[in-house]
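A short write-up of the structure that comes next.
The values are calculated or read from the model by the stated rules, or taken from the named source; none is laboratory data. Since the model is a prediction, treat every value here as computed from it, not as a measurement. No Cβ is skipped: glycine too gets one built from the backbone with ideal geometry, and neighbour counts run over all protein chains shown.
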């Protein structure tokens with residue numbers, strides 16, 4: 001990172017009086033190479049994608065998550081763009097340090113077909129990982145593949161050096177909403193963003209879809225987060241925070 005002498009300047013408002021602080025420094029997350037993991041029934045293998053998988057991976061995303069077409073995320077629908085952004089198994093030493101995304105795929109062992117995939121995106125200087133996407137081919141849904149891949153994602157996030165996780169849920173996909181809120185293990189609701197992303201509506205038409213945002217601290221991240229007691233919130237926003245606190249404290 002580029003360093004500046006900031007001593008002549010002052011923050012707009014004194015904050016971080018109730019949380020830990022630390023020196024500004026170069027911050028970088030590490031993609032740790034995951035070991036392949038077999039599903040309990042031995043039918044599916046969760047692993048990193050290889051270059052030879054890229055066409056099949058793009059086809060999987062097109063089939064399972066076609067709403068990405070025309071959006072800021074539609075690189076997942078094109079093999080060459082996946083290659084430019086995602087760390088691949090057969091180029092790991094080079095890719096792990098420079099590419100922002102890590103994909104996991106679940107391969108059906110008898111056929112070699114890709115049945116499901118997930119994507120994580122890292123933001124080094126914020127020590128943040130976004131659990132960006134998860135998709136299962138329609139023929140392989142309700143087989144527990146997201147649990148298999150999700151467990152691997154959490155282990156990779158914990159090993160990366162990240163301290164803040166985020167994700168978002170489509171408002172048309174109640175299965176993931178129910179699963180994350182019931183079994184997600186510490187995810188907190190942050191809010192609903194109406195019209196956050198363009199999404200494919202069929203043919204060559206699109207709309208603006210709404211998403212539910214969630215967050216989670218890991219490692220020592222929460223130590224460095226400012227406390228609600230020192231926030232300066234408008235009364236309406238204070239009431240919103242109180243409602244979110246109630247919702248997040250309800251459990252299942």
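Listing for the model above:
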| quantity | calculated |
| --- | --- |
| Residue satisfying condition, being at pLDDT below 95, in contact with a strand residue (DSSP E or B) (Cβ under 9 Å, 6 or more places away or on another chain) and either surrounded by 15 or more Cβ atoms within 10 Å (Cβ to Cβ) or under 26 Å from residue 19 (Cα atoms) (or both), within set 181, 148 | 181 |
| Inter-residue pairs, beta-carbon under 8 Å, first farther than 19 Å from residue 248 by Cβ and in region 204-233, second at pLDDT 95 or above and part of a helix (DSSP H, G or I), 6+ apart | 209/67; 219/158 |
| Set 196, 201, 157, 190: member being closer than 27 Å to residue 114 by Cα, surrounded by fewer than 18 Cβ atoms within 10 Å (Cβ to Cβ) and touching a strand residue (DSSP E or B) at 6+ places or on another chain (Cβ under 9 Å) | 201 |
| Selection status of residue 117, at pLDDT 95 or above and under 16 Å from residue 73 (Cβ atoms) | yes |
| Count of region 105-132 residues which are crowded, with 21+ Cβ neighbours inside 10 Å, touching a residue at least 60 places away in the same chain (Cβ under 8 Å) and more than 20 Å from residue 51 (Cα to Cα) | 2 |
| Residue within region 49-59 that is part of a loop (DSSP other than H, G, I, E, B), modelled with pLDDT of 95 or more and more than 30 Å from residue 226 (Cα to Cα) present | yes |
| Residue list for region 234-252, restricted to those being free of Cβ contacts under 8 Å to residues at least 24 places away in the same chain, surrounded by fewer than 11 Cβ atoms within 10 Å (Cβ to Cβ) and under 23 Å from the mean Cα position of the chain (by Cα) | 249, 251 |
| Members of region 9-43 that are within 30 Å of residue 229 (Cα to Cα), over 22 Å from the mean Cα position of the chain (by Cα) and surrounded by 10 or more Cβ atoms within 10 Å (Cβ to Cβ) | 15, 16, 17, 18, 19, 20, 21, 24 |
| Some residue of region 222-241 being touching a strand residue (DSSP E or B) at 6+ places or on another chain (Cβ under 7 Å), modelled with pLDDT of 95 or more and farther than 24 Å from residue 127 by Cβ | no |
| All positions within region 51-74 that are out of contact with any strand residue (DSSP E or B) (no Cβ under 9 Å at 6 or more places or on another chain) and either over 22 Å from residue 35 (Cβ atoms) or surrounded by 16 or more Cβ atoms within 10 Å (Cβ to Cβ) (or both) | 55, 58, 62 |
| Candidate set: region 205-220, residues that are under 17 Å from the mean Cα position of the chain (by Cα) and in a strand (DSSP E or B); chosen: the one nearest to residue 20 (Cα to Cα) | 217 |
| Given (1) surrounded by 19 or more Cβ atoms within 10 Å (Cβ to Cβ); (2) within 15 Å of residue 48 (Cα to Cα), index of the condition residue 168 fails | (2) |
| Test set (1) under 23 Å from residue 126 (Cα atoms); (2) touching a residue at least 60 places away in the same chain (Cβ under 8 Å); (3) not in a helix (DSSP H, G or I) - residue 186 fails condition number | (2) |
| Whichever residue in region 75-86 is under 30 Å from residue 40 (Cα atoms) and under 15 Å from the mean Cα position of the chain (by Cα) and, among such residues, is surrounded by the most Cβ atoms within 10 Å (Cβ to Cβ) | 76 |
